[in-house]
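Right, one structure below, let's go through it.
The values are calculated or read from the model by the stated rules, or taken from the named source; none is laboratory data. Because the structure is a prediction, the values reported are computed rather than measured. Methodologically, a virtual Cβ is constructed for each residue, glycine included, from the backbone with ideal geometry; neighbour enumeration extends over all protein chains shown.
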Amino acid sequence: MPTSIFVNLPVGDLDAAKSFFGKLGFGFNAQFTDDTAACMVIDDTIYFMLLTKPKFAEFTTLPIADARTGTQALYGLSRDSRAAVDQIAEAALAAGGTEPRPFQDHGFMYSRAITDLDGHIWEFIWMDPGFVQG
């Protein structure tokens, strides 16, 4: 059985977060979604749990960081092409996200960063498969 990853993110407005990520093409697993949490499916082994702040607080005794004032993590997701990077970034901007920095083009790698409605930074990345293989 492959290892799965579940990343938990606090969100201020669960319905708005679901709408935002739905506009980027991500679906949700209804079995693990309710009025306090939504299981966003990235692929067969990668999931992001969007949790209301009270729900998120059940899993930690530490204060919940404000992603708008500090960066705790960058969430990088690969795409199949440069065009796919641009497509999801443009969808995120149209859905209310922001672009915190210009795109980065290193020839073999292309990326764009998008800030979601809660200030979390998502990096969408394409890397030339020929470069990765050696």
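Observations, loosely collected:
- For Ala95: the one exception among (1) out of contact with any Phe, Trp or Tyr (no Cβ under 8 Å at 6 or more places or on another chain); (2) under 14 Å from Ala17 (Cβ atoms); (3) not basic (Lys, Arg): (1)
- Count - residues of the stretch 15-47 that are over 12 Å from the mean Cα position of the chain (by Cα), small (Gly, Ala, Ser) and assigned to a helix (DSSP H, G or I): 3
- Leu50 being under 12 Å from the mean Cα position of the chain (by Cα) and surrounded by 12 or more Cβ atoms within 10 Å (Cβ to Cβ): yes
- Filtered by the rule that a residue be out of contact with any strand residue (DSSP E or B) (no Cβ under 9 Å at 6 or more places or on another chain) and not in a loop (DSSP other than H, G, I, E, B), the stretch 103-129 gives a lone residue, Pro129.
- In the stretch 14-39, residue farthest from Leu62 (Cα to Cα) [restricted to those that are among the charged types (D, E, K, R) and surrounded by 13 or more Cβ atoms within 10 Å (Cβ to Cβ)]: Lys23
- Selected residue (only one of Thr61, Thr52, Thr45, Thr33 is under 24 Å from Val132 (Cβ atoms), of a type in the set (Ser, Thr, Tyr) and outside the structural domain of Val132 (by TED's automatic domain parsing)): Thr45
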